[in-house]
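The values are calculated or read from the model by the stated rules, or taken from the named source; none is laboratory data. This structure is a prediction, so every number in the text was calculated from the model and none was measured. Counting neighbours? That spans all protein chains shown, and the Cβs are built from the backbone with ideal geometry, glycine included. Keep in mind that these areas ignore ligands, DNA and RNA; they rest on the heavy atoms of the full protein, side chains included. Shrake-Rupley method; radii C 1.70, N 1.55, O 1.52, S 1.80 Å.
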Amino acid sequence: GMEVGTERLKACQTCGVLDAPLRCPCKAAFSCNTECQRATWKEHRGNCTSHMITKVEKDRQRLGRHNPLLLQAIVDIAGRFFQQDRLSESEEWYLEAEKISVLAAGLLDAATARISANLGDVFRKQGKLDESKKKCKLAVKMFRRLCGNESSEVAGGADQHG
């Protein structure tokens, strides 16, 4: 993704200057100074894994570690890490999401099935092909039970991992 190129060039996210010295704790954004950092913070905040994680940690203290209300935010963090090719972090957050989803809704749930499919993608990109196949088969099985065999999500999943 673009983040990888930005990482290499360390281009300021605001003005494009190369070798920008300030790096966001999320590791995906660089700035040449605090003015540039402030100028794009509103846009960056929505994609900033560091900001997202801080928010989830605060919510966990308030709601409890495995509260289903945290599920979407945790899936978003996992997905953002996946987009940035930070696969071990993506795996860690998807596994956390899977645990919450299974505790809240069980295995016969669309969210759980999607999380399993996403974990399958993470494992595939990591070269963990056996684990990938298991997760994808589980996801397909869940989607079939939920939607019947004609589901487009099932067809997509089955074609991809046949």
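So the values come out like this:
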quantity	calculated
Hits in the stretch 49-75 (condition: surrounded by 12 or more Cβ atoms within 10 Å (Cβ to Cβ) and among the polar types (S, T, N, Q))	49, 50, 54, 67
Selected residue [among the acidic types (Asp, Glu) and modelled with pLDDT under 95] from 153, 92	153
Qualifying residue in the stretch 82-103 (condition: in contact (Cβ under 8 Å) with a residue 40 or more places away in the chain, under 16 Å from residue 139 (Cβ atoms) and in contact with a helix residue (DSSP H, G or I) (Cβ under 7 Å, 6 or more places away or on another chain))	yes
Number of the exception - residue 134 against (1) open to solvent by less than 50 Å² (accessible area, probe 1.4 Å); (2) at pLDDT 95 or above	(1)
